[in-house]
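Worksheet: the structure to be examined is printed underneath.
The values are calculated or read from the model by the stated rules, or taken from the named source; none is laboratory data. Worth saying up front: this structure is predicted, and the values here are computed from it rather than measured. A quick note on method: Cβ atoms are made from the backbone with ideal geometry, for glycine too, and the neighbour counts reach across all protein chains shown.
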Amino acid sequence: MSKNQSAPNTKTARVPLIAGNWKMNLDHLQAIALVQKLAWSLKDVRHDFGAVEVAVFAPFTDLRSVQTLLAADKLSIRLGAQDVSPHESGAYTGDVAAQFLRKLDVNYVIVGHSERRHGHGESSETVAAKAKAVATHEMVPLICVGETAEDLAEHGAAAVALEQLEASLHLVPQGAEVVLAYEPVWAIGSGEAATTEQAEQVCAALRTRLSELRGEAEAARTRILYGGSVTSQNVAAFLRQPNIDGALVGGASLDSQEFSRIAQFKKHVTGA
Ligand code: 13P
């Protein structure tokens, strides 16, 4: 496929993912309380988890408690971690191995969040090694990319995201499932989300690059999320875009009612 063609739109084949990144919030007791409330709220509205997947990304110290609750109550909410070591095991004090996460029934692991790229100086090479570790242990890496305000002014919206995608993906085996999240750094926690036009433009560019790197079929089935100041008020407009398949939600995921409303975005999209 030439660079100017966009990948075919097979949006309907991709199950949207609403992902709550709690960041460094909620101890394990608070985590259990939130997941219980979220589960009740979604049960009340008969949420169809086959139609819209819902996942929470908990701090490491909460994972065991949330796993136990999800299993005991047979909840369909999926479990995610926020980071992982690129190494298998050994002398890496403080790090957590992918195989340990897998044993806790973790489904997804965020890699390359901007708070780690910028706050911890993580390079795309490190992100690539982490993504590989996640995929190797049969979990799905959720790879975050996105530009700072300075990058946006200097290079435009898509350049940094595309560069980070290529550099973060290359160690992941061909065919392994990944989820991408476009999170403009300036939109995170600022209350100022990207416009739907910008988000769609970058997500479409990511899908086209993915097609060049991994082939059309993989690009067509890969979910690409938008993240950055997502709320129940703006989520539907993002999800209406042909290349946006979900949301990575920070602050608003800490409120069970608000996160539940975000997961019900289809009501706003279809007007049903
Ligand atoms: P906010 O939704 O708080 O802007 O955070 C977005 C984010 O960083 C999710 O990973």
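Checking the structure you have, find out if any residue of region 231-244 is under 18 Å from VAL35 (Cβ atoms) and of a type in the set (A, V, I, L, M).
No, there is no match, as no residue in region 231-244 is under 18 Å from VAL35 (Cβ atoms) and of a type in the set (A, V, I, L, M).
Condition check: touching a Leu at 6+ places or on another chain (Cβ under 8 Å) and of a type in the set (Lys, Arg). Does LYS103 satisfy that?
no
Among the residues that make up region 227-239, is at least one of them part of a loop (DSSP other than H, G, I, E, B) and either farther than 23 Å from VAL54 by Cβ or away from the ligand (no atom under 16 Å from the Cβ) (or both)? Give the steps one after another, and end with the answer.
Residues of region 227-239 part of a loop (DSSP other than H, G, I, E, B): 228-234.
The next check asks that each one be either farther than 23 Å from VAL54 by Cβ or away from the ligand (no atom under 16 Å from the Cβ) (or both); those that pass are none.
Scanning region 227-239, I find no residue that is part of a loop (DSSP other than H, G, I, E, B) and either farther than 23 Å from VAL54 by Cβ or away from the ligand (no atom under 16 Å from the Cβ) (or both), so the answer is no.
Considering only region 248-267, how many residues are part of a helix (DSSP H, G or I) and either touching a Ser or Thr at 6+ places or on another chain (Cβ under 9 Å) or not charged (D, E, K, R) (or both)?
Count: 13.
Filter region 189-226 for residues that are within 15 Å of the ligand (Cβ to nearest atom) and among the small types (Gly, Ala, Ser); which is surrounded by the fewest Cβ atoms within 10 Å (Cβ to Cβ)?
Here the answer is GLY191.
I'd like the full set of residues that are outside any helix (DSSP H, G or I), more than 16 Å from the ligand (Cβ to nearest atom) and at negative phi, limited to region 111-154.
The answer is SER123, HIS137, MET139.
Working only within region 74-121, note down all residues that are of a type in the set (Asp, Glu) and within 20 Å of VAL56 (Cβ to Cβ).
The answer is ASP83, ASP105, GLU115.
Please work out if ALA153 is surrounded by fewer than 17 Cβ atoms within 10 Å (Cβ to Cβ) and of a type outside the set (Asp, Glu).
Working: surrounded by fewer than 17 Cβ atoms within 10 Å (Cβ to Cβ): yes; of a type outside the set (Asp, Glu): yes.
Taking the combined requirement at face value, the residue satisfies it.
With the structure loaded, tell me whether ARG240 is surrounded by fewer than 17 Cβ atoms within 10 Å (Cβ to Cβ), under 12 Å from THR196 (Cα atoms), of a type in the set (Lys, Arg) and at pLDDT 95 or above or whether it fails that test.
Yes; evaluated as a whole, the condition is true for this residue.
Scan region 17-37 residue by residue and report those that are farther than 15 Å from GLU258 by Cα and within 16 Å of the ligand (Cβ to nearest atom).
LEU17, LYS23, MET24, ASN25, LEU26
State whether the residues of region 133-150 include one that is touching an Asp or Glu at 6+ places or on another chain (Cβ under 9 Å), free of Cβ contacts under 8 Å to residues at least 12 places away in the same chain, surrounded by fewer than 21 Cβ atoms within 10 Å (Cβ to Cβ) and over 20 Å from GLN99 (Cα atoms).
Looking for residues that are touching an Asp or Glu at 6+ places or on another chain (Cβ under 9 Å), free of Cβ contacts under 8 Å to residues at least 12 places away in the same chain, surrounded by fewer than 21 Cβ atoms within 10 Å (Cβ to Cβ) and over 20 Å from GLN99 (Cα atoms), one finds none in region 133-150, hence no.
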